[in-house]
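Enquirer: Mind having a look at this structure? Questions to follow.
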2 protein chains.
Amino acid sequence: MNKLITPRRLPGFLELEPIKQKQFNEMEQKIKEVFEKHSFVPLDTPILEFSDILLAKSGGDVDKEIYRFTKGSTDMCMRYDLTVPLARYVAMNLNELNFPFKRYQIGKVFRGERPQKGRLREFFQCDADIIGNGDLSIVNDAECVSLYKDIFKTLNLDAIVEISNRKILGGLINSLELQKLSNDIFIALDKIDKIGEEGVKEVLLEKNIPAEKIISLINLCKACGNIDEVLSKIENICQDEEFLCGVKEIKELDSYLKAMGLTEKDYIFKLAIIRGHNYYTGTVFEAYLNGHRDFGAVGGGGRYENLASYYTEQKLPGVGMSIGFSRLFDILSSNELLPKVTNATSTVTIIPLGETLLECIALQKILRDNDITTEVSAENKSFKSKMKDANKKETPFVVILGENEVKDKVFALKDMTNGEQFNLDLNGLILKLKQTQA
Amino acid sequence: MNKLITPRRLPGFLELEPIKQKQFNEMEQKIKEVFEKHSFVPLDTPILEFSDILLAKSGGDVDKEIYRFTKGSTDMCMRYDLTVPLARYVAMNLNELNFPFKRYQIGKVFRGERPQKGRLREFFQCDADIIGNGDLSIVNDAECVSLYKDIFKTLNLDAIVEISNRKILGGLINSLELQKLSNDIFIALDKIDKIGEEGVKEVLLEKNIPAEKIISLINLCKACGNIDEVLSKIENICQDEEFLCGVKEIKELDSYLKAMGLTEKDYIFKLAIIRGHNYYTGTVFEAYLNGHRDFGAVGGGGRYENLASYYTEQKLPGVGMSIGFSRLFDILSSNELLPKVTNATSTVTIIPLGETLLECIALQKILRDNDITTEVSAENKSFKSKMKDANKKETPFVVILGENEVKDKVFALKDMTNGEQFNLDLNGLILKLKQTQA
């Protein structure tokens, strides 16, 4: 006898029970359909990449979290996002791709951080990006925002996208002659929801920024509403070129979003949206579930100047939207916001009584051919425990097939939800089960 | 300027071009639907597992191929198949699961062997298993074989499953008093297709097995045909208990397969089928594409005595079927046996002429709402190069929207396959595109 090893799973690694996995798969399938309806193509990059490729872009923080190892003489890493592999892919296939290149990818990524509630080491990311060759119209930014609308609609969720453009705040920073502190200012203002105005003031005063300039910056970030409301609040505050470009871009974006049929229920401009990542250079956005702001952003994205500067000299501007798929699924699951599914794996279980197993299997074939999911209770157990099994599995119907029933071609159908019983011929049975099939 | 890193992918790692990825996803979806129709539930175990869990069962050969590494104090491995994680899962969830537990999993597995044609380091495995608690009826073996029929049917492939039962050969080995050499005999006979009868004889003579016993073994393996043909060839050759049990099991299996509607076109008994793996203990089978025997087996599986003996004392017999998904896809793809798909990501591209971009986007919304995949050619390019793009992307239709067309509410639709042009009102346009939508 072997010594037993206690079966256990790595902490922070995904494993859904089958019923949840079904819901997860359905959600994934619905999202894929939205992407394909919007003419995005699927890409499935490897889980592992050469370390020099994967780490070319990453900052120090991510490095520590990465699963990196050597096999033979090869130094490799598990992917920690889907953007770096995309950059590598586009750089490798520049001549074969049609631009703008629209791809989506839903896949696992790996980050070896300390697991905590809501933080996983293995989780699904869901990304859609549009990459241009040289140039890329703002229409594509609108396309990414509009994906959220269609995705949340197909998932029956009520959500809103909050949009800004980093050039507006960047331009104000220029005109206040604070360019050298630009990074600090973005980081501080990104925390305004967490630490409040006073907190931001404190941080920026420590950087020796004059109070009146800080107030200008904070006031800008308070601008929020539809395009006209936001424009009226920031009009004439600045003539910086970058600022004016940002203003032009949000106006343009707004016109495209309206043409796409999005309304004020779907998006709002909010200049406090910054997104942590440094590589966003224009449009930035975050998606929130209405009535569930406490969940935080369930998605986000934006425009970046150059996707693959580490791998090619070709300028590849892009815009992307992302959904933290595992996190969103977890939120929806624990708040019972997912479509209900039954635990049942079948609509009907056929239970043989006496020597009728072959007839049960033949009936199963007929029912399956009629798209009715069917199981035969074939194990060597008592009739009673087979009924108990069917009940435990929440199978809505049971057919009991005894030798008399086989002879008379009559099927005894039991509705397990209310105990009702029907004696039906084959056509009647199929009809009844088809009617009640989910 | 950064020094550029040449973008490259790890050899032996998967990455399909988008059009192939689409075909791959469609194939995966079709297979999933078959599994669910047969009441299997999805499971998605983590990519990484604790090393002691994953290596408990593996032989020395697999060990060398495994991607194993340490992070912090945790020793972990990337999964190299989907069976060991299943064993760990079932052992962990014994009390929650309903038995027989039917699960399927389609996912990537990792084996760091030397990459060569047809051998990948990262590839998709596709498994369905049925696990019993204590006992498991032979009906489940039939269910696994029948999955192949439905899967190949949905993929439009003509295939056959070849079936044996290891107890038959095992029983003959017993009666020849060759038990001690049982493993060597299984291994040698498993190669009969490769090295021929003479090759097998040579190998077994070297093990000092008398020639007449070798002939008996080889003759058994020649038995092939429907159940009656096979039984007539092996009748009375042996009264060993294991042998008789194997014979009883194939008879039983045959009756279930027939009740499931399978015919001689779908399966055949062939006692030369052994399957390399030592852990198969009863039914074994392999699937072949008719007319493409040279591809080798595209799937296989069988019955095992005890799934999770390393993790639990509970006896868990199982039967499983597997498809080498990446390999099958590769074969079908290179032999043009996959359903054709177009390169086009849209049915129609709308090209603005003059200042009509917003109207193009509004039209795109209407067409998408009618389930017509639509793109707007919005980049800052000449009309001519936009037409060229649409052509290169193999988009079947183009709508050219100029200012006059907007005013007159007329849409100029061009069929890119034959150059035909139509002037249509909105309803006419939708109708025409819906008719030709794939």
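Enquirer: Mind checking the log10 I(q)/I(0) for the range A:295-363 at q = 0.22 Å⁻¹? Debye, one equal scatterer per Cα, no solvent, two decimals.
Expert: -0.97
Enquirer: How high is the relative contact order of the range B:6-121? Use alpha-carbon pairs under 8 Å, at least six apart in sequence, and give a whole percent.
Expert: Dividing the mean separation by the residue count of the range B:6-121 yields 34 percent.
Enquirer: Another question about this same structure. Which value in nm describes the separation of the simple spin-label points at residue B:366 and residue A:408, placed 7 Å from the Cα toward the beta carbon?
Expert: 6.3
Enquirer: Further question: What number, rounded to the nearest 500 deg cm²/dmol, is the helix-based mean residue ellipticity at 222 nm of the protein assembly as shown, given -39500 (n - 2.57) per DSSP H run of at least four residues and division by all its residues?
Expert: Mean residue ellipticity at 222 nm (helix-derived): -12500 deg cm²/dmol.
Enquirer: Find which of A:247, A:84, B:27 sits farthest along the positive direction of the dipole of the protein assembly as shown, computed with +1 on the beta-carbon of Lys and Arg, -1 on that of Asp and Glu, about the Cα centre.
Expert: Going by the Cα projections, it comes out as A:84.
Enquirer: In addition: Treating the angle as unsigned and between 0 and 90°, give the value, to the nearest 10°, between the Cα long axis of helix B:357-369 and the longest Cα principal axis of chain B.
Expert: 40
Enquirer: What percentages, rounded to whole numbers, describe P(r) for chain A computed over all alpha carbon pairs with 20 Å bin width beginning at zero?
Expert: Percent of pairs per bin, in order: 21, 43, 25, 11, 1.
Enquirer: Also: Which order do the peptides B:295-302, A:181-188 take when ranked by the mean count of other beta-carbon atoms within 10 Å per residue, highest first?
Expert: B:295-302, A:181-188
Enquirer: Got a number for carbon plus sulfur as a percent of the range A:4-156's accessible area, 1.4 Å probe?
Expert: Of the solvent-accessible surface of the range A:4-156, carbon and sulfur hold 44 percent.
Enquirer: In Å², and per residue, what accessible area does the range B:242-289 have when probed at 1.4 Å with the other protein chains present?
Expert: 38
Enquirer: Over every pair of different alpha-carbon atoms in the range A:20-116, take the mean of 1/r and invert it; report that Kirkwood radius in Å.
Expert: 15.3
Enquirer: Want the number for residue B:391 to residue B:202: 0.36 nm per residue separation, take away the alpha-carbon distance, what's left?
Expert: 61.8 nm
Enquirer: Please check the range B:20-41 for residues whose accessible area, probe 1.4 Å, is lower by 40 Å² or more when all protein chains are in place than in their chain alone.
Expert: B:21, B:22, B:25, B:37, B:39, B:41
Enquirer: Tell me, how many Å apart are the Cα centres for the range B:369-421 and for the range A:12-55?
Expert: 32
Enquirer: Right, another one. Taking chain A as a Gaussian network, where each spring joins two C-alpha atoms under 10 Å apart, which residue of A:44, A:408, A:389 fluctuates the most?
Expert: Among A:44, A:408, A:389, the largest GNM mean-square fluctuation belongs to A:408.
Enquirer: A further question follows. Can you tell which of B:377, B:333, B:39 shows the greatest fluctuation in a Gaussian network model of chain B with Cα springs below 10 Å?
Expert: With Cα springs under 10 Å in chain B, the top fluctuation among B:377, B:333, B:39 is at B:377.
Enquirer: Karplus couplings for the range B:136-148 from phi (6.51 cos²θ - 1.76 cosθ + 1.60, θ = phi - 60°), rounded to Hz, Gly and Pro as x?
Expert: Result, rounded to whole Hz: 7, 5, 5, 3, 5, 4, 5, 4, 5, 5, 5, 4, 4.
Enquirer: Just A:271, A:367, A:189 to compare: in a GNM of chain A, with alpha carbon springs under 10 Å, which one fluctuates most?
Expert: Looking only at A:271, A:367, A:189, the biggest GNM fluctuation is shown by A:367.
Enquirer: OK, next. Nearest-5 percent of antiparallel DSSP beta bridges in the range B:313-418?
Expert: 35
Enquirer: Also, quick follow-up: Mind checking which chain B residue has its Cβ closest to the axis relating B to A, and how many whole Å off it is?
Expert: B:69, 2
Enquirer: Here's another thing I want to ask about it. So for chain A, averaging the separation of alpha carbon pairs under 8 Å that are six or more residues apart and normalising by length, what relative contact order in percent results?
Expert: 15
Enquirer: Something else about it: If you take every DSSP beta bridge fully contained in chain B, what fraction is antiparallel? Give it as a percent rounded to 5.
Expert: In chain B, approximately 80 percent of DSSP beta bridges are antiparallel ones.
Enquirer: What is the average number of partner chain Cβ atoms found within 10 Å of a Cβ in B:357-364?
Expert: Taking all residues of B:357-364 together, the mean is 5.
Enquirer: Can I ask one more? What are the nm distances, shortest first, from residue B:28 to its equivalents in the other copies, labels at 7 Å along Cα→Cβ?
Expert: 0.6
Enquirer: Measuring nothing but label to label, 7 Å from Cα along Cα→Cβ, what are residue B:228's distances to the other copies in nm, shortest first?
Expert: Inter-copy label distances (nm, one decimal, shortest first): 8.7.
Enquirer: Ignoring ligands, DNA and RNA and using a 1.4 Å probe, state the total buried accessible area between A and B in Å², rounded to the nearest 100.
Expert: 8400
Enquirer: In whole angstrom, how far apart do the alpha carbon centroids of the range B:105-181 and the range A:263-323 sit?
Expert: So the two Cα centres are separated by 47 Å.
Enquirer: Express the relative contact order of the range B:333-438 as a whole percentage, based on alpha carbon pairs under 8 Å and six or more residues apart in sequence.
Expert: 29
Enquirer: When the label point is put 7 Å from the Cα of residue A:212 along its Cα-to-beta-carbon vector, which residues of the range A:230-270 have a backbone N closer than 20 Å?
Expert: Answer for this model: A:234-240.
Enquirer: Let me ask something else about it. Principal axis lengths of the range B:289-438 from Cα atoms, whole Å, largest first?
Expert: 78, 37, 30
Enquirer: Would you mind listing the distances between the residue A:3 label point and the same position in each other copy? Use 7 Å along Cα-to-C-beta, nm, one decimal, shortest first.
Expert: With the label placed 7 Å along Cα→Cβ, residue A:3 yields 5.0 nm.
Enquirer: For the protein assembly as shown, what does the convex hull of the Cα positions come to per residue, in cubic angstrom?
Expert: 198
The values are calculated or read from the model by the stated rules, or taken from the named source; none is laboratory data. All of these numbers come straight from a predicted model, not from anything done at the bench. Note that each Cβ is placed from the backbone with ideal geometry, even for glycine, and that neighbours are counted across all protein chains shown. Keep in mind that these areas ignore ligands, DNA and RNA; they rest on the heavy atoms of the full protein, side chains included. Shrake-Rupley method; radii C 1.70, N 1.55, O 1.52, S 1.80 Å.
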